[in-house]
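Derivation of every value follows stated rules applied to the coordinates shown; laboratory data play no part. Computed from a predicted model, the values in this text were never measured in an experiment. Cβ sites come from the backbone with ideal geometry, for glycine too, and all protein chains shown count toward neighbours.
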Amino acid sequence: MDVVIGMFLLMLAAAGLLSLFPVLKRSESMARHESRAVQIANRMLEHIQMLRPSDVNPQALAQLNLIDEGQTGSPYEFTNVPLDEASLYSPAQALRSGQGKFWVEDLPDGSKKITLVVSWLSESGVRRQVLTGTIIGAYR
């Protein structure tokens, strides 16, 4: 009788432990995607911060391959831009339904405020995003 009770308790504990694996896998996946989105956002901000404020315009950004083709103004999309030539690390390739956009706002003294969003579709079908920004120019 003790063996039967012991086996029952062992199977109950194993079932409880195994039921945690899907939750752990989903959490790990969410963290991995968010980390990748933050890396993409930071990489794009690094590229933009190397520019002079006067160079943040559609012609210069397109020439430097920092935005998708055919854009005329803010918001600028960089969904298909390879931020790293070696890995082609674009939002569309690195994230499920990944998109990248940034807005440029003029500030006094010739500075510009950059607001950047990287968004993607999570495994549960929810649109998630990372929002960040920087200022380039005199206020920096």
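A few notes on this one:
- If R0 is 22 Å, the Cβ-Cβ spacing of Q71 and H47 corresponds to a FRET efficiency of close to 0.90.
- With respect to the chain, whose longest principal axis is taken over its alpha-carbon atoms, helix 2-18 is tilted by about 10°.
- Angle in degrees between helix 21-49 and the longest Cα principal axis of the chain, rounded to the nearest 10: 10 degrees
- With a simple spin-label model that places each label point 7 Å from the Cα along the Cα-to-Cβ direction, the separation between D106 and V126 comes to 4.0 nm.
- Highest mean packing first, where packing is the average number of other Cβ atoms within 10 Å per residue, the peptides 6-14, 30-38, 100-108, 124-132 line up as 100-108, 30-38, 124-132, 6-14.
- Straight Cα distances below 19 angstrom link K113 to the aspartates and glutamates E46, D55, E77, E105, with same-chain residues fewer than 8 positions distant left out.
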